[in-house]
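Nothing in this text is a laboratory measurement; each read-out follows from the coordinates by a stated rule. Everything numeric here is computed off the predicted structure, so don't read it as measured data. So basically every Cβ, Gly included, is an ideal-geometry build from the backbone, and we count neighbours across all protein chains shown.
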Amino acid sequence: MTENGGVATAALLWLFQGQVACLRALGPVRASNLGGAVARAIGPFLPVSRVAEANLRRALPEADAAARRRIIRAVWDNLGRTMAELPHVAALAQTASGPGWTLAIHPATQAVLAGDQGAIFFTAHLANWEMLVRVSRDLVPRFGLFYRAPRNQAANRLAHMLRQQAGGPGLQQFPKGAAGARASLHFLRQRGVLGVLADQKLNDGISVPFFGHPAMTSPAVASLALKFALPVVPARVARLGPARFHVEIGAPLAFTPTHDRHADIAALTARINAEIEAWVRERPGEWLWLHRRWPKPEDASP
């Protein structure tokens, strides 16, 4: 997580970190409901919600003030639920109803995974994005991901532990930075499946359209996919209810590289942003509008 979105998430982790046993005792549905109630009661009144308001004005100008308020309240509800569900993610299973998840996976991606050729999954901060870690445990023997550690060390340890429990022994977590990048390169050479949250602002990234506005975006997915000739697979989580999700893993993006690597990276990154934008437009209340995805007006180029 970055900037304000990371602060909000870390704050909720801090709030819940001493209550893991209690949240587990509540069960996944009641824990989710409690987390949602706490976050939506407090979150809309916090200063960080002004970032969400500004983002919504820029990205969804057709939404009026009432619609923006509803979306921001839904964002906080979803974030609170996500944090309170973390102690339960490892135990959730693929089920027909109740707590758990359903899965739709494209046959082309099934073939990729069956061939053990490696892949890069990209996703976004939608619904409970940590569910992709749990689902990966049933799909592939080795799944890796990047994470940005919260500044609160206790919250960081808690998130790391719960994520490892969800992903099982096959999960490898790579911290953002040089050491994590080197480890991820080795992981991809061994044809692991890497998951990347691709919706965050990266100040030293590349400028790519997102909701019709230039947004500094990490080129990592495109760069790694081109370097290792790996398929790029869209994977998203949708919330169906408290601790209830649908996970959709699409077909690998169709992309033919040219001889211009920089142009290829920009074009593939734009494709990824377009896919994420479509997801967010479909379910805006489930995306984390709380981080500064676009430059402040005074930082934008004239």
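Below 8 Å between Cα atoms, with a sequence gap of 6+, how large is the relative contact order for region 176-302 in percent?
24
With no solvent and one equal point scatterer per Cα, compute the Debye intensity ratio I(q)/I(0) for region 176-287 at 0.16, 0.19, 0.21, 0.23 Å⁻¹ and report its log10, rounded to two decimals.
Summing over Cα pairs of region 176-287 leads to -0.83, -1.13, -1.31, -1.44.
Hey, what number do you get for the chain at 222 nm if only DSSP H runs of n ≥ 4 count, each worth -39500 (n - 2.57), divided across all residues, to the nearest 500?
-15500 deg cm²/dmol
Provide the gained length on full extension for the span ILE42 to SER97, in nm with one decimal, where the gain is 0.36 nm per separating residue minus the Cα-Cα distance.
16.8 nm
With a cut-off of at most 14 other beta carbons within 10 Å, and DSSP calling the residue loop, which chymotrypsin sites (Phe, Trp or Tyr not before Pro) in region 76-137 qualify? Please list them.
Loop-located and lightly packed - none at all.
So which chymotrypsin sites (Phe, Trp or Tyr not before Pro) in region 226-258 end up in coil per DSSP with only 16 or fewer other C-beta atoms within 10 Å?
Those that pass, being in a loop and sparsely packed, are PHE255.
Please list the three semi-axes, largest first and in whole Å, of the ellipsoid equivalent to region 52-200, using sqrt of 5 times the eigenvalues of its alpha carbon gyration tensor.
28, 19, 18
Can you check what the Kirkwood hydrodynamic radius comes to for region 58-128, Cα pairs only, in Å to one decimal?
In region 58-128 this quantity evaluates to 15.7 Å.
State, in angstrom, two size descriptors of region 207-260 derived from its alpha carbons: Rg to one decimal place and Dmax to the nearest whole number.
15.0, 48
Under 8 Å for C-alpha pairs, at least 6 residues apart: give me the relative contact order for region 3-295, rounded to a whole percent.
27
Please list, short to long, the whole-number percent of alpha-carbon pairs of the chain in consecutive 20 angstrom bins beginning at zero.
Reading the bins upward from 0: 34, 60, 5.
Determine the percent antiparallel among the DSSP beta bridges restricted to the chain, to the nearest 5.
Taking every DSSP beta bridge within the chain, about 35 percent pair in antiparallel fashion.
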